[in-house]
Amino acid sequence: MKKNDIFLIGIILMIAVVSFIIINATKQDGDKVVIKVDGKFYKELPLNVDTTLVIETANGGTNTLVIENGHADVIDATCPDKICVDQKHIENNGETIICLPNKVLIEVQSGNENPIDSIAN
Ligand SMILES: [Zn+2]
């Protein structure tokens with residue numbers, strides 16, 4: 001009887017610890033930026049790490065992407081219209097920066113999808 005109680009407490013504790021680990025792991029899996037060039041996957045970067053990436057496009061051009069303070073922005077590009085540079089920075093799930101001449105698509109994707117958010121958008 002007593003042995004069973006200890007066993008049960010052990011299992012409950014284990015479940016608690018495992019859930020805690022899972023919840024924390026999910027939290028750390030935050031927002032990310034997915035970059036596509038010419039319709040193909042190019043690179044994926046976390047939004048919480050400041051970095052600069054020069055995206056090399058299929059037509060020999062480049063788009064310079066900066067990730068800073070949790071948002072992503074194109075600061076320079078070889079395209080003639082510079083619409084991607086003029087676009088404001090993106091940080092929320094589903095927001096995109098598109099460079100049509102260079103065929104570059106930069107999209108924010110959430111690590112933990114929230115269906116209610118998707119409906120609200
Ligand atoms: Zn552009």
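The table below gives the values:
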| quantity | calculated |
| --- | --- |
| Length gained when the stretch Ile11-Lys40 is fully extended (0.36 nm per residue, less Cα-Cα span) | 5.9 nm |
| Whole-number percent relative contact order across the chain, with pairs defined as alpha carbons under 8 Å at least 6 apart | 23 percent |
| The stretch 13-21 - phi-based ³J(HN,Hα) in whole Hz, Karplus 6.51/-1.76/1.60, Gly and Pro as x | 4, 4, 4, 4, 5, 5, 4, 4, 5 |
| Distant-in-sequence amide H partners of Tyr42 (H built 1.01 Å from N, under 5 Å) | Ile35, Lys36, Val37 |
| Of every Cα-Cα pair in the chain, the percent that sits beyond 22 Å | 47 percent |
| By average C-beta atoms within 10 angstrom, highest first, the peptides 40-50, 85-95, 8-18 | 85-95, 40-50, 8-18 |
| Under 26 Å between alpha carbons - lysine pairs in the chain that sit 8 or more apart or on different chains | 18 |
| Length added when fully stretched, Ile98-Val54, from 0.36 nm per residue minus Cα-Cα | 14.3 nm |
| Carbon plus sulfur fraction of accessible area for the chain, probe 1.4 Å, in percent | 60 percent |
| Accessible-area order (highest first, 1.4 angstrom probe) of the listed residues Ile75, Ile55 | Ile75, Ile55 |
| Partnerless cysteines, meaning none of the other Cys C-beta atoms lie under 4.7 Å away, in the chain | Cys79 |
| Gain upon complete extension [Glu68, Lys3; 0.36 nm per residue less C-alpha separation] | 17.9 nm |
| Structure-based [θ]222 nm, the chain - -39500 (n - 2.57) summed over DSSP H runs of at least 4, per residue, nearest 500 | -9500 deg cm²/dmol |
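The values are calculated or read from the model by the stated rules, or taken from the named source; none is laboratory data. What you are looking at is a predicted structure, and each value in this text was computed from that prediction instead of being measured. All Cβ positions, even for glycine, are placed from backbone atoms using ideal geometry, and neighbour counts span all protein chains on display. We work out accessible area using only protein heavy atoms, side chains counted, and drop any ligands, DNA or RNA first. Shrake-Rupley method; radii C 1.70, N 1.55, O 1.52, S 1.80 Å.
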